[in-house]
Amino acid sequence: MSQEFKIKFEENKDSVEADNTVSDDNSHAYSTAGNIRNLAFVWPDGKMQFLNYSYLVSCVYDPKEECILMEFTTHSVELKGYKLNILVHELMASIPRLIFCTNDRYRAIEDGDKPVVNSINVTLKT
């Protein structure tokens, strides 16, 4: 083992804090890939629940059903909507910070290039 080994805790701490900052132009996503991240689900009534990315075990995307099924160690999360293939790729990189559930009647006014989530179902595993 090298005698030149130095603990760089402070450097890593500064790096983690910088990585977890939220970008100014897009507050629903992290600006860079990072180490410690949470994913919050927000319903139209303002209810919100967050889960830590480190407990995300698997994610299945069904393009025919436009459905994403995420398995966390303690919860199952099902998302339904449109253009979710974009969201799946962002989830693989732990980029989304907030996922908003939008009422389906507002589908016409949503940005055409962004994923739209119309249903969020979070279930506690027993």
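For N121 paired with K47, estimate the spin-label separation in nm (one decimal), with each label point 7 Å from Cα along the Cα-to-Cβ line.
That separation, rounded to one decimal, is 1.4 nm.
If you plug each phi of segment 68-73 into the Karplus form 6.51 cos²θ - 1.76 cosθ + 1.60 with θ = phi - 60°, what whole-Hz ³J(HN,Hα) values come out, in order, with x for Gly and Pro?
For segment 68-73, the Karplus-derived couplings read 10, 10, 10, 10, 9, 5 Hz, x marking Gly and Pro.
Report, please, the projected area of segment 50-101 averaged over directions, based on the convex hull of its C-alpha atoms, in nm². Working shown, then result.
On the way: hull surface 13.5 nm².
Computed as one quarter of the Cα hull surface, the answer is 3.4 nm².
Can you work out ³J(HN,Hα) from phi for every residue in segment 48-62, in order, using Karplus 6.51 cos²θ - 1.76 cosθ + 1.60 and θ = phi - 60°, giving whole Hz and x for Gly and Pro?
The phi angles translate into 9, 9, 10, 10, 7, 4, 5, 9, 7, 8, 8, 9, 10, 10, 10 Hz.
Given H placed 1.01 Å from N in the peptide plane, which residues other than close sequence neighbours of G81 have an amide H under 5 Å from its amide H?
Here N118 satisfy the definition.
Here, each number is a calculation from the coordinates, and none is a lab measurement. Keep in mind that this is a model prediction, so the values were computed, not measured. Neighbour counts run over all protein chains shown; Cβ positions are idealised from the backbone, glycine included.
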